[in-house]
Amino acid sequence: MSTLIHEPTRVVFFTGKGGVGKTSAACATAIELADGGRRVLLVSTDPASNLDEVLGVALSATPRAVPGVPGLLALNLDPGQAAHAYRERVVGPYRSVLPAAAVASIEEQLSGACTVEIAAFDEFSKLLGDAGTTREFDHVIFDTAPTGHTLRLLELPAAWSSFIETSVGGTSCLGPLSGLTANHALYAASRAALCDAAQTMLVLVARPDQPSLAEAERTRRELDDLGIRNVRLILNGVFRAHDVRDGIAIAMEDRARGSIEHMPAGLRALPRVDVPLLPFELVGIGALRRFGTSQTPGPVDDLSASAFRAERLDAVIEQIARRGKGVVMTMGKGGVGKTTVAARIATELAARGLVVTLTTTDPAAHVDAAARERPPTLRVTRIDPALETRRYAEEVMATAGATLDAQGRALLEEDLRSPCTEEIAVFRAFAETVARGEDQIVVIDTAPTGHTLLLLDAAEAYHREVLRKAGAGPDAVQRLLPRLRDPAFTHILLVTLPEATPIHEAMQLEHDLARAGITPFAWIVNQSLTPLDVTDPVLRVRRGHETIRLRELAGHATRTCLEPWTQTAAPPTG
(Lines give C-alpha, C1' and ligand atoms only; values in the text may rest on other atoms or scores of the structure.)
Protein backbone atom coordinates (compact mmCIF):
# COMPACT_ATOMS: atom_id res chain seq x y z
CA MET A 1 0.00 0.00 0.00
CA SER A 2 1.33 3.43 -0.95
CA THR A 3 2.08 5.93 1.83
CA LEU A 4 1.83 8.82 -0.66
CA ILE A 5 -1.55 7.79 -2.06
CA HIS A 6 -4.17 5.89 -0.10
CA GLU A 7 -5.76 3.09 -2.15
CA PRO A 8 -4.47 4.14 -5.59
CA THR A 9 -6.61 3.26 -8.60
CA ARG A 10 -5.23 1.33 -11.55
CA VAL A 11 -4.57 4.58 -13.46
CA VAL A 12 -2.99 7.52 -11.63
CA PHE A 13 -2.15 10.93 -13.11
CA PHE A 14 0.27 13.37 -11.49
CA THR A 15 -0.07 17.00 -12.52
CA GLY A 16 0.52 20.52 -11.25
CA LYS A 17 2.38 23.75 -11.86
CA GLY A 18 5.89 23.39 -13.27
CA GLY A 19 8.62 22.60 -10.76
CA VAL A 20 6.39 21.36 -7.94
CA GLY A 21 7.80 17.84 -7.96
CA LYS A 22 5.36 15.93 -10.16
CA THR A 23 8.06 13.65 -11.54
CA SER A 24 9.51 12.97 -8.08
CA ALA A 25 6.07 12.13 -6.69
CA ALA A 26 5.15 9.95 -9.67
CA CYS A 27 8.46 8.07 -9.58
CA ALA A 28 8.35 7.60 -5.80
CA THR A 29 4.80 6.24 -6.00
CA ALA A 30 5.68 3.89 -8.86
CA ILE A 31 8.73 2.58 -6.98
CA GLU A 32 6.76 2.09 -3.78
CA LEU A 33 4.02 0.16 -5.58
CA ALA A 34 6.57 -1.99 -7.41
CA ASP A 35 8.45 -2.64 -4.15
CA GLY A 36 5.12 -3.89 -2.80
CA GLY A 37 4.90 -6.53 -5.51
CA ARG A 38 2.79 -4.66 -8.07
CA ARG A 39 3.54 -4.59 -11.80
CA VAL A 40 3.76 -0.88 -12.72
CA LEU A 41 4.12 1.10 -15.96
CA LEU A 42 5.35 4.68 -15.53
CA VAL A 43 4.65 6.98 -18.49
CA SER A 44 5.82 10.54 -19.14
CA THR A 45 3.65 12.68 -21.42
CA ASP A 46 5.93 15.71 -21.04
CA PRO A 47 7.73 16.73 -24.28
CA ALA A 48 10.62 17.80 -22.01
CA SER A 49 10.58 14.67 -19.86
CA ASN A 50 13.37 14.17 -17.32
CA LEU A 51 12.37 10.66 -16.29
CA ASP A 52 15.66 9.37 -17.71
CA GLU A 53 17.80 11.44 -15.37
CA VAL A 54 15.60 10.93 -12.32
CA LEU A 55 15.41 7.14 -12.72
CA GLY A 56 18.95 6.75 -14.03
CA VAL A 57 17.97 4.83 -17.18
CA ALA A 58 17.77 5.75 -20.88
CA LEU A 59 14.11 5.61 -21.94
CA SER A 60 12.27 5.58 -25.26
CA ALA A 61 8.69 5.15 -26.47
CA THR A 62 8.95 1.42 -25.67
CA PRO A 63 8.60 0.28 -22.03
CA ARG A 64 11.94 -0.45 -20.41
CA ALA A 65 12.66 -2.12 -17.08
CA VAL A 66 14.01 0.23 -14.39
CA PRO A 67 17.20 -1.27 -12.86
CA GLY A 68 16.94 -1.88 -9.14
CA VAL A 69 13.13 -1.90 -9.11
CA PRO A 70 11.69 -5.29 -10.13
CA GLY A 71 8.22 -4.91 -11.61
CA LEU A 72 8.65 -1.30 -12.74
CA LEU A 73 8.82 -0.36 -16.42
CA ALA A 74 8.92 3.19 -17.80
CA LEU A 75 8.62 5.01 -21.14
CA ASN A 76 8.59 8.51 -22.63
CA LEU A 77 5.94 9.36 -25.20
CA ASP A 78 7.92 10.82 -28.11
CA PRO A 79 5.76 13.32 -30.09
CA GLY A 80 8.12 13.35 -33.09
CA GLN A 81 8.31 9.58 -33.36
CA ALA A 82 4.57 9.27 -32.87
CA ALA A 83 3.93 11.84 -35.63
CA HIS A 84 6.15 9.92 -38.07
CA ALA A 85 4.31 6.67 -37.36
CA TYR A 86 0.94 8.42 -37.66
CA ARG A 87 1.84 9.89 -41.06
CA GLU A 88 2.87 6.49 -42.36
CA ARG A 89 -0.37 4.88 -41.14
CA VAL A 90 -2.42 7.51 -42.98
CA VAL A 91 -0.35 7.87 -46.15
CA GLY A 92 0.75 4.24 -46.59
CA PRO A 93 -2.53 2.88 -48.04
CA TYR A 94 -2.59 5.61 -50.69
CA ARG A 95 0.98 5.32 -52.02
CA SER A 96 0.17 2.68 -54.63
CA VAL A 97 -3.33 3.97 -55.36
CA LEU A 98 -3.15 7.73 -55.83
CA PRO A 99 -0.91 9.81 -58.12
CA ALA A 100 2.35 11.03 -56.58
CA ALA A 101 1.06 14.61 -56.49
CA ALA A 102 -1.98 13.57 -54.45
CA VAL A 103 0.18 11.60 -51.99
CA ALA A 104 2.49 14.59 -51.67
CA SER A 105 -0.53 16.79 -50.91
CA ILE A 106 -1.63 14.48 -48.09
CA GLU A 107 1.91 14.42 -46.70
CA GLU A 108 1.96 18.22 -46.76
CA GLN A 109 -1.31 18.30 -44.81
CA LEU A 110 0.25 15.97 -42.25
CA SER A 111 3.42 18.00 -41.81
CA GLY A 112 1.99 20.47 -39.32
CA ALA A 113 2.05 20.63 -35.55
CA CYS A 114 -1.55 19.39 -35.50
CA THR A 115 -0.24 16.00 -36.55
CA VAL A 116 2.27 15.99 -33.71
CA GLU A 117 -0.52 16.70 -31.25
CA ILE A 118 -2.96 14.05 -32.49
CA ALA A 119 -0.22 11.44 -32.91
CA ALA A 120 1.00 11.89 -29.34
CA PHE A 121 -2.62 11.87 -28.22
CA ASP A 122 -3.17 8.57 -30.07
CA GLU A 123 -0.36 6.96 -28.08
CA PHE A 124 -1.72 8.42 -24.85
CA SER A 125 -5.21 7.12 -25.69
CA LYS A 126 -3.94 3.60 -26.27
CA LEU A 127 -2.38 3.52 -22.83
CA LEU A 128 -5.49 4.95 -21.21
CA GLY A 129 -8.42 3.63 -23.26
CA ASP A 130 -7.18 0.31 -24.67
CA ALA A 131 -7.10 -2.19 -21.81
CA GLY A 132 -5.23 -4.68 -23.96
CA THR A 133 -2.22 -2.38 -24.37
CA THR A 134 -1.51 -2.34 -20.63
CA ARG A 135 -3.06 -5.69 -19.68
CA GLU A 136 0.10 -6.95 -17.98
CA PHE A 137 0.27 -4.06 -15.49
CA ASP A 138 -1.51 -3.57 -12.17
CA HIS A 139 -1.00 0.20 -12.32
CA VAL A 140 -0.32 2.76 -15.05
CA ILE A 141 1.10 6.02 -13.69
CA PHE A 142 1.27 9.14 -15.84
CA ASP A 143 3.87 11.82 -15.12
CA THR A 144 2.41 14.70 -17.07
CA ALA A 145 3.59 18.02 -18.48
CA PRO A 146 2.91 21.19 -16.44
CA THR A 147 -0.72 22.03 -15.83
CA GLY A 148 -1.70 24.03 -18.92
CA HIS A 149 -0.38 21.41 -21.33
CA THR A 150 -1.89 18.59 -19.27
CA LEU A 151 -5.35 20.14 -19.18
CA ARG A 152 -5.15 20.45 -22.95
CA LEU A 153 -4.28 16.75 -23.15
CA LEU A 154 -7.15 15.74 -20.87
CA GLU A 155 -9.62 17.85 -22.85
CA LEU A 156 -8.72 16.18 -26.15
CA PRO A 157 -10.77 12.96 -25.75
CA ALA A 158 -13.97 14.98 -25.64
CA ALA A 159 -12.78 17.53 -28.24
CA TRP A 160 -11.78 14.99 -30.89
CA SER A 161 -14.82 12.77 -30.22
CA SER A 162 -17.12 15.77 -30.71
CA PHE A 163 -15.27 16.87 -33.87
CA ILE A 164 -15.54 13.41 -35.43
CA GLU A 165 -19.23 13.08 -34.50
CA THR A 166 -20.20 16.45 -36.02
CA SER A 167 -17.95 16.40 -39.12
CA VAL A 168 -19.62 15.73 -42.44
CA GLY A 169 -16.62 16.32 -44.74
CA GLY A 170 -14.08 13.74 -45.79
CA THR A 171 -10.97 15.57 -44.67
CA SER A 172 -9.63 17.51 -41.73
CA CYS A 173 -6.52 19.47 -40.89
CA LEU A 174 -4.97 16.04 -40.34
CA GLY A 175 -5.77 14.74 -43.81
CA PRO A 176 -8.42 12.06 -44.52
CA LEU A 177 -10.98 12.02 -41.70
CA SER A 178 -11.08 8.23 -41.84
CA GLY A 179 -7.75 8.24 -40.03
CA LEU A 180 -9.49 9.82 -37.05
CA THR A 181 -12.79 7.99 -37.32
CA ALA A 182 -11.02 4.66 -36.95
CA ASN A 183 -9.97 5.74 -33.47
CA HIS A 184 -13.32 7.19 -32.42
CA ALA A 185 -14.04 4.26 -30.10
CA LEU A 186 -10.58 4.58 -28.56
CA TYR A 187 -11.08 8.29 -27.85
CA ALA A 188 -14.49 7.60 -26.31
CA ALA A 189 -12.98 4.86 -24.13
CA SER A 190 -10.23 7.25 -23.01
CA ARG A 191 -12.80 9.85 -22.05
CA ALA A 192 -14.80 7.28 -20.10
CA ALA A 193 -11.67 6.05 -18.29
CA LEU A 194 -10.73 9.58 -17.24
CA CYS A 195 -14.12 10.13 -15.63
CA ASP A 196 -14.35 6.72 -13.94
CA ALA A 197 -13.39 7.31 -10.30
CA ALA A 198 -12.99 3.59 -9.70
CA GLN A 199 -10.44 3.34 -12.49
CA THR A 200 -8.62 6.71 -12.58
CA MET A 201 -7.25 9.05 -9.92
CA LEU A 202 -5.60 12.43 -10.49
CA VAL A 203 -3.04 13.68 -8.00
CA LEU A 204 -2.43 17.42 -7.83
CA VAL A 205 1.10 18.20 -6.70
CA ALA A 206 1.68 21.67 -5.27
CA ARG A 207 4.20 23.66 -3.25
CA PRO A 208 3.34 25.53 -0.05
CA ASP A 209 3.28 28.90 -1.79
CA GLN A 210 0.35 30.97 -2.99
CA PRO A 211 0.95 30.84 -6.79
CA SER A 212 1.30 27.05 -6.74
CA LEU A 213 -1.80 26.58 -4.57
CA ALA A 214 -3.82 29.02 -6.69
CA GLU A 215 -2.82 27.09 -9.82
CA ALA A 216 -3.76 23.79 -8.16
CA GLU A 217 -7.18 25.16 -7.22
CA ARG A 218 -7.76 26.43 -10.77
CA THR A 219 -6.81 23.00 -12.08
CA ARG A 220 -9.12 21.28 -9.57
CA ARG A 221 -12.05 23.36 -10.85
CA GLU A 222 -11.23 22.63 -14.50
CA LEU A 223 -10.90 18.92 -13.76
CA ASP A 224 -14.30 19.05 -12.09
CA ASP A 225 -15.73 20.65 -15.23
CA LEU A 226 -14.23 17.78 -17.25
CA GLY A 227 -15.94 15.26 -14.96
CA ILE A 228 -12.70 14.17 -13.25
CA ARG A 229 -13.49 14.18 -9.54
CA ASN A 230 -11.31 11.50 -7.94
CA VAL A 231 -8.62 14.04 -7.06
CA ARG A 232 -5.95 14.00 -4.31
CA LEU A 233 -3.37 16.58 -3.21
CA ILE A 234 0.33 16.18 -2.40
CA LEU A 235 1.83 19.26 -0.78
CA ASN A 236 5.53 18.95 -1.56
CA GLY A 237 8.52 20.69 0.02
CA VAL A 238 6.96 21.69 3.34
CA PHE A 239 9.84 23.26 5.28
CA ARG A 240 10.33 23.32 9.04
CA ALA A 241 13.31 25.30 10.38
CA HIS A 242 15.82 23.32 12.47
CA ASP A 243 17.80 26.40 13.55
CA VAL A 244 15.72 29.23 15.00
CA ARG A 245 18.73 31.57 14.69
CA ASP A 246 18.69 31.31 10.88
CA GLY A 247 16.63 34.21 9.54
CA ILE A 248 16.36 32.68 6.04
CA ALA A 249 15.06 29.40 7.47
CA ILE A 250 12.51 31.18 9.65
CA ALA A 251 11.34 33.25 6.65
CA MET A 252 10.91 30.10 4.56
CA GLU A 253 8.91 28.36 7.27
CA ASP A 254 6.70 31.41 7.88
CA ARG A 255 5.97 31.80 4.20
CA ALA A 256 4.99 28.16 3.83
CA ARG A 257 2.83 28.21 6.96
CA GLY A 258 1.01 31.34 5.82
CA SER A 259 0.30 29.85 2.39
CA ILE A 260 -1.06 26.63 3.91
CA GLU A 261 -3.28 28.55 6.33
CA HIS A 262 -4.79 30.47 3.41
CA MET A 263 -5.14 27.44 1.13
CA PRO A 264 -8.26 27.63 -1.10
CA ALA A 265 -11.23 25.82 0.41
CA GLY A 266 -11.57 23.50 -2.58
CA LEU A 267 -8.02 22.19 -2.08
CA ARG A 268 -8.44 21.95 1.68
CA ALA A 269 -11.33 19.54 1.15
CA LEU A 270 -9.15 17.09 -0.83
CA PRO A 271 -7.38 14.11 0.76
CA ARG A 272 -3.84 15.43 1.32
CA VAL A 273 -0.32 14.26 2.11
CA ASP A 274 2.38 16.73 3.21
CA VAL A 275 5.92 15.91 2.04
CA PRO A 276 8.85 17.62 3.82
CA LEU A 277 11.59 19.53 2.01
CA LEU A 278 14.56 17.19 1.77
CA PRO A 279 18.21 18.30 1.98
CA PHE A 280 19.26 16.22 -1.04
CA GLU A 281 18.38 16.12 -4.74
CA LEU A 282 15.75 13.59 -5.78
CA VAL A 283 17.79 11.88 -8.47
CA GLY A 284 18.30 8.12 -8.42
CA ILE A 285 16.31 5.21 -7.01
CA GLY A 286 17.82 5.50 -3.53
CA ALA A 287 16.84 9.15 -3.17
CA LEU A 288 13.35 8.53 -4.57
CA ARG A 289 12.75 5.80 -1.99
CA ARG A 290 13.27 8.47 0.68
CA PHE A 291 10.73 10.86 -0.87
CA GLY A 292 8.03 11.56 1.71
CA THR A 293 10.27 10.80 4.67
CA SER A 294 11.35 13.34 7.27
CA GLN A 295 15.13 13.33 7.60
CA THR A 296 17.26 15.87 9.45
CA PRO A 297 20.77 15.83 7.95
CA GLY A 298 23.86 15.18 10.02
CA PRO A 299 27.09 17.23 9.84
CA VAL A 300 28.06 18.37 6.34
CA ASP A 301 31.08 20.04 4.78
CA ASP A 302 29.88 23.41 3.52
CA LEU A 303 31.10 23.18 -0.05
CA SER A 304 30.01 26.72 -0.90
CA ALA A 305 33.11 28.26 0.64
CA SER A 306 34.48 28.57 -2.91
CA ALA A 307 32.64 31.54 -4.39
CA PHE A 308 30.80 31.21 -7.68
CA ARG A 309 31.59 34.30 -9.72
CA ALA A 310 28.65 35.65 -11.68
CA GLU A 311 26.85 38.84 -12.63
CA ARG A 312 23.56 40.02 -11.21
CA LEU A 313 20.40 40.36 -13.27
CA ASP A 314 20.70 44.17 -13.11
CA ALA A 315 23.61 44.01 -15.56
CA VAL A 316 21.49 42.19 -18.14
CA ILE A 317 18.62 44.63 -17.69
CA GLU A 318 20.99 47.56 -18.24
CA GLN A 319 22.24 46.13 -21.54
CA ILE A 320 18.71 45.47 -22.80
CA ALA A 321 17.66 49.00 -21.81
CA ARG A 322 20.42 50.56 -23.92
CA ARG A 323 18.87 49.21 -27.12
CA GLY A 324 15.38 50.31 -26.11
CA LYS A 325 13.45 47.80 -28.22
CA GLY A 326 13.37 44.13 -29.16
CA VAL A 327 12.19 40.93 -27.50
CA VAL A 328 13.20 39.29 -24.21
CA MET A 329 12.12 35.68 -23.64
CA THR A 330 12.51 33.80 -20.36
CA MET A 331 12.78 30.05 -20.92
CA GLY A 332 13.38 26.96 -18.81
CA LYS A 333 11.85 24.18 -16.78
CA GLY A 334 8.61 24.88 -14.97
CA GLY A 335 8.94 26.29 -11.47
CA VAL A 336 12.33 27.95 -11.89
CA GLY A 337 10.94 31.48 -11.65
CA LYS A 338 10.59 32.48 -15.32
CA THR A 339 7.49 34.53 -14.58
CA THR A 340 9.10 36.35 -11.64
CA VAL A 341 12.23 37.14 -13.67
CA ALA A 342 10.17 38.30 -16.67
CA ALA A 343 8.04 40.58 -14.48
CA ARG A 344 11.09 42.07 -12.80
CA ILE A 345 12.79 42.79 -16.13
CA ALA A 346 9.65 44.36 -17.61
CA THR A 347 8.98 46.48 -14.52
CA GLU A 348 12.54 47.80 -14.24
CA LEU A 349 12.71 48.63 -17.97
CA ALA A 350 9.37 50.46 -17.82
CA ALA A 351 10.54 52.35 -14.71
CA ARG A 352 13.22 53.88 -16.94
CA GLY A 353 10.51 55.32 -19.19
CA LEU A 354 10.78 52.65 -21.90
CA VAL A 355 7.60 51.34 -23.55
CA VAL A 356 7.27 47.68 -22.46
CA THR A 357 4.75 44.90 -23.01
CA LEU A 358 4.87 41.93 -20.61
CA THR A 359 3.02 38.87 -21.88
CA THR A 360 3.06 35.08 -21.75
CA THR A 361 2.66 31.97 -23.91
CA ASP A 362 1.99 29.81 -20.85
CA PRO A 363 -1.58 28.40 -20.66
CA ALA A 364 -1.21 28.64 -16.87
CA ALA A 365 -0.20 32.30 -17.00
CA HIS A 366 0.48 34.37 -13.87
CA VAL A 367 2.28 37.43 -15.27
CA ASP A 368 -0.48 39.78 -14.17
CA ALA A 369 -0.07 38.77 -10.52
CA ALA A 370 3.74 38.78 -10.78
CA ALA A 371 3.92 42.37 -12.03
CA ARG A 372 3.07 44.03 -8.72
CA GLU A 373 4.37 47.46 -9.76
CA ARG A 374 2.92 49.11 -12.86
CA PRO A 375 4.94 52.02 -14.27
CA PRO A 376 2.83 54.06 -16.75
CA THR A 377 4.69 52.66 -19.79
CA LEU A 378 4.19 48.99 -18.80
CA ARG A 379 1.38 47.04 -20.49
CA VAL A 380 0.59 43.53 -19.19
CA THR A 381 -1.24 41.12 -21.50
CA ARG A 382 -1.58 37.40 -22.16
CA ILE A 383 -2.15 35.30 -25.24
CA ASP A 384 -5.69 34.09 -24.53
CA PRO A 385 -6.30 30.81 -26.44
CA ALA A 386 -10.10 31.23 -26.59
CA LEU A 387 -9.91 34.84 -27.76
CA GLU A 388 -7.20 34.13 -30.34
CA THR A 389 -9.08 31.11 -31.69
CA ARG A 390 -12.24 33.13 -32.17
CA ARG A 391 -10.33 35.99 -33.80
CA TYR A 392 -8.48 33.61 -36.11
CA ALA A 393 -11.63 31.74 -37.16
CA GLU A 394 -13.47 34.98 -37.92
CA GLU A 395 -10.59 36.24 -40.04
CA VAL A 396 -10.32 32.97 -42.00
CA MET A 397 -14.06 33.01 -42.73
CA ALA A 398 -13.84 36.66 -43.82
CA THR A 399 -10.90 36.00 -46.17
CA ALA A 400 -10.61 32.41 -47.37
CA GLY A 401 -14.33 31.84 -46.88
CA ALA A 402 -15.49 35.00 -48.62
CA THR A 403 -15.48 33.51 -52.14
CA LEU A 404 -16.81 30.06 -51.21
CA ASP A 405 -20.34 28.82 -51.83
CA ALA A 406 -22.55 27.72 -48.94
CA GLN A 407 -21.24 24.16 -48.96
CA GLY A 408 -17.63 25.35 -49.08
CA ARG A 409 -18.17 27.73 -46.18
CA ALA A 410 -19.80 24.94 -44.18
CA LEU A 411 -16.79 22.70 -44.75
CA LEU A 412 -14.39 25.49 -43.82
CA GLU A 413 -16.34 26.20 -40.63
CA GLU A 414 -16.18 22.49 -39.82
CA ASP A 415 -12.42 22.44 -40.33
CA LEU A 416 -12.06 25.43 -38.01
CA ARG A 417 -13.87 23.55 -35.23
CA SER A 418 -10.94 21.13 -35.07
CA PRO A 419 -9.00 21.26 -31.78
CA CYS A 420 -5.94 22.04 -33.92
CA THR A 421 -7.29 25.49 -34.74
CA GLU A 422 -6.47 26.72 -31.25
CA GLU A 423 -2.82 25.71 -31.65
CA ILE A 424 -2.57 27.57 -34.97
CA ALA A 425 -4.27 30.67 -33.59
CA VAL A 426 -2.01 30.80 -30.53
CA PHE A 427 1.06 30.41 -32.73
CA ARG A 428 0.01 33.30 -34.95
CA ALA A 429 -0.62 35.46 -31.88
CA PHE A 430 2.89 34.58 -30.67
CA ALA A 431 4.36 35.70 -34.01
CA GLU A 432 2.42 38.98 -33.82
CA THR A 433 3.63 39.54 -30.25
CA VAL A 434 7.26 39.08 -31.31
CA ALA A 435 6.71 41.55 -34.16
CA ARG A 436 5.83 44.30 -31.66
CA GLY A 437 9.47 44.30 -30.64
CA GLU A 438 10.22 46.41 -33.73
CA ASP A 439 9.16 49.57 -31.88
CA GLN A 440 9.11 48.67 -28.16
CA ILE A 441 10.44 46.09 -25.70
CA VAL A 442 8.36 42.93 -25.46
CA VAL A 443 9.07 40.61 -22.52
CA ILE A 444 7.63 37.12 -23.05
CA ASP A 445 7.26 34.67 -20.19
CA THR A 446 7.23 31.34 -22.01
CA ALA A 447 5.55 28.08 -21.09
CA PRO A 448 7.71 25.34 -19.53
CA THR A 449 10.38 23.87 -21.79
CA GLY A 450 8.45 21.13 -23.59
CA HIS A 451 5.55 23.34 -24.62
CA THR A 452 7.90 26.13 -25.67
CA LEU A 453 10.00 23.80 -27.83
CA LEU A 454 6.90 22.55 -29.60
CA LEU A 455 5.99 26.17 -30.28
CA LEU A 456 9.42 27.09 -31.65
CA ASP A 457 10.04 23.85 -33.54
CA ALA A 458 6.69 24.25 -35.25
CA ALA A 459 7.41 27.68 -36.75
CA GLU A 460 7.78 26.56 -40.36
CA ALA A 461 5.09 23.89 -40.07
CA TYR A 462 2.60 26.39 -38.63
CA HIS A 463 3.51 28.79 -41.41
CA ARG A 464 2.42 26.17 -43.95
CA GLU A 465 -0.82 25.62 -42.01
CA VAL A 466 -1.59 29.33 -41.96
CA LEU A 467 -0.88 29.58 -45.69
CA ARG A 468 -3.15 26.62 -46.42
CA LYS A 469 -6.01 27.80 -44.24
CA ALA A 470 -6.00 31.56 -44.66
CA GLY A 471 -4.68 31.81 -48.19
CA ALA A 472 -1.92 34.24 -47.28
CA GLY A 473 0.92 34.22 -44.80
CA PRO A 474 0.93 37.14 -42.34
CA ASP A 475 4.15 39.13 -42.31
CA ALA A 476 4.62 38.41 -38.61
CA VAL A 477 4.64 34.67 -39.29
CA GLN A 478 6.97 34.93 -42.26
CA ARG A 479 9.51 36.99 -40.27
CA LEU A 480 9.22 35.10 -36.98
CA LEU A 481 12.22 32.80 -37.36
CA PRO A 482 14.58 35.54 -38.61
CA ARG A 483 13.57 37.69 -35.64
CA LEU A 484 14.14 34.89 -33.14
CA ARG A 485 17.53 34.13 -34.70
CA ASP A 486 18.70 37.75 -34.55
CA PRO A 487 20.66 38.17 -31.27
CA ALA A 488 20.36 41.95 -31.56
CA PHE A 489 16.56 41.67 -31.68
CA THR A 490 15.78 38.70 -29.40
CA HIS A 491 17.40 38.08 -26.01
CA ILE A 492 16.81 34.54 -24.78
CA LEU A 493 17.32 34.13 -21.02
CA LEU A 494 17.66 30.56 -19.76
CA VAL A 495 16.28 30.59 -16.23
CA THR A 496 17.21 27.73 -13.91
CA LEU A 497 17.60 26.75 -10.29
CA PRO A 498 20.97 25.62 -8.88
CA GLU A 499 19.87 21.98 -9.09
CA ALA A 500 20.67 19.07 -11.40
CA THR A 501 17.39 18.60 -13.26
CA PRO A 502 16.59 22.23 -14.18
CA ILE A 503 20.21 22.92 -15.17
CA HIS A 504 20.46 19.82 -17.35
CA GLU A 505 17.06 20.51 -18.91
CA ALA A 506 18.18 24.06 -19.72
CA MET A 507 21.38 22.68 -21.27
CA GLN A 508 19.27 20.45 -23.52
CA LEU A 509 17.05 23.41 -24.35
CA GLU A 510 20.15 25.40 -25.29
CA HIS A 511 21.17 22.55 -27.62
CA ASP A 512 17.70 22.45 -29.23
CA LEU A 513 17.73 26.23 -29.70
CA ALA A 514 21.13 25.99 -31.39
CA ARG A 515 19.68 23.56 -33.93
CA ALA A 516 17.08 26.21 -34.74
CA GLY A 517 19.81 28.84 -35.10
CA ILE A 518 18.88 30.59 -31.83
CA THR A 519 21.57 31.56 -29.30
CA PRO A 520 20.74 32.33 -25.63
CA PHE A 521 21.82 35.74 -24.31
CA ALA A 522 22.47 34.67 -20.69
CA TRP A 523 21.75 32.13 -17.98
CA ILE A 524 19.86 33.25 -14.87
CA VAL A 525 20.44 31.01 -11.82
CA ASN A 526 17.47 31.85 -9.63
CA GLN A 527 16.61 31.38 -5.94
CA SER A 528 20.17 30.51 -4.92
CA LEU A 529 21.26 29.99 -1.31
CA THR A 530 24.94 30.34 -2.30
CA PRO A 531 25.20 34.13 -1.73
CA LEU A 532 23.37 33.85 1.62
CA ASP A 533 24.58 33.18 5.17
CA VAL A 534 22.54 30.14 6.27
CA THR A 535 23.08 27.97 9.37
CA ASP A 536 20.02 25.70 9.24
CA PRO A 537 21.32 22.14 8.60
CA VAL A 538 18.86 21.41 5.79
CA LEU A 539 19.69 24.66 4.01
CA ARG A 540 23.44 24.19 4.50
CA VAL A 541 23.30 20.77 2.82
CA ARG A 542 21.22 22.20 -0.02
CA ARG A 543 23.73 25.05 -0.42
CA GLY A 544 26.55 22.52 -0.59
CA HIS A 545 24.75 20.68 -3.41
CA GLU A 546 24.27 24.01 -5.17
CA THR A 547 28.03 24.53 -5.40
CA ILE A 548 28.45 21.24 -7.23
CA ARG A 549 25.89 22.32 -9.82
CA LEU A 550 27.25 25.86 -10.12
CA ARG A 551 30.73 24.52 -10.81
CA GLU A 552 29.24 22.38 -13.56
CA LEU A 553 27.49 25.40 -15.05
CA ALA A 554 30.62 27.56 -14.78
CA GLY A 555 32.34 25.30 -17.30
CA HIS A 556 29.41 25.51 -19.69
CA ALA A 557 27.72 28.93 -19.81
CA THR A 558 29.43 31.97 -21.31
CA ARG A 559 27.37 34.45 -19.28
CA THR A 560 25.67 33.71 -15.97
CA CYS A 561 23.69 35.77 -13.45
CA LEU A 562 23.21 34.52 -9.87
CA GLU A 563 20.10 35.68 -8.01
CA PRO A 564 19.73 34.92 -4.28
CA TRP A 565 16.62 33.48 -2.63
CA THR A 566 14.34 36.19 -1.29
CA GLN A 567 11.12 36.13 0.70
CA THR A 568 9.21 37.05 -2.46
CA ALA A 569 10.69 34.11 -4.37
CA ALA A 570 9.19 30.66 -4.56
CA PRO A 571 10.35 28.02 -2.08
CA PRO A 572 13.28 25.82 -3.12
CA THR A 573 12.45 22.60 -4.90
CA GLY A 574 13.46 19.14 -3.76
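Given a 1.4 Å probe and heavy atoms of the protein chains only, how would you sort 493, 77, largest accessible area at the top?
On the way: 493 0, 77 25 Å².
Most to least solvent-accessible, the answer reads 77, 493.
Quantify how much of the Cα-Cα distance distribution of the range 481-570 extends past 23 Å, in percent. Intermediate values should be presented prior to the final figure.
On the way: 1189 of 4005 pairs.
Tail of the P(r) past 23 Å holds 30 percent of the pairs.
Based on the Cα atoms of the range 358-416, what semi-axes does the equivalent ellipsoid have, where each is the square root of 5 times one gyration tensor eigenvalue, given in whole Å with the largest first? Don't skip to the end; give the middle numbers.
Details: eigenvalues 272, 29, 5 Å².
Each semi-axis is the square root of five times an eigenvalue, giving 37, 12, 5 Å.
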Notebook entry, point to check: Among the aspartates and glutamates, which have Cα under 13 Å from the Cα of residue 338 when same-chain residues fewer than 8 positions away are ignored?
Noted result: 362, 445, 563
Note to self: Give the lysines whose C-alpha is closer than 24 Å to that of residue 126, dropping any in the same chain fewer than 8 places away, or say none.
What the structure shows: 22
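Per the Cauchy relation, a quarter of the hull surface: what is the mean projected area of the convex hull of the alpha carbons in the range 331-442, in nm²? Kindly include the intermediate steps, with their values, before the conclusion.
On the way: hull surface 33.2 nm².
For the range 331-442, the mean projected area of the Cα convex hull comes to 8.3 nm².
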Check: Considering only protein heavy atoms and a 1.4 Å probe, what is the carbon-and-sulfur percentage of the accessible area of the range 484-555?
Finding: 52
Notebook entry, point to check: For the range 187-248, what mean projected area does the convex hull of the alpha carbons give, in nm²?
Noted result: 5.6
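The values are calculated or read from the model by the stated rules, or taken from the named source; none is laboratory data. In this text the structure is predicted, and so the values were computed from the model without any measurement. Heavy atoms of the whole protein, side chains included, go into the accessibility calculation; ligands, DNA and RNA do not. Shrake-Rupley method; radii C 1.70, N 1.55, O 1.52, S 1.80 Å.
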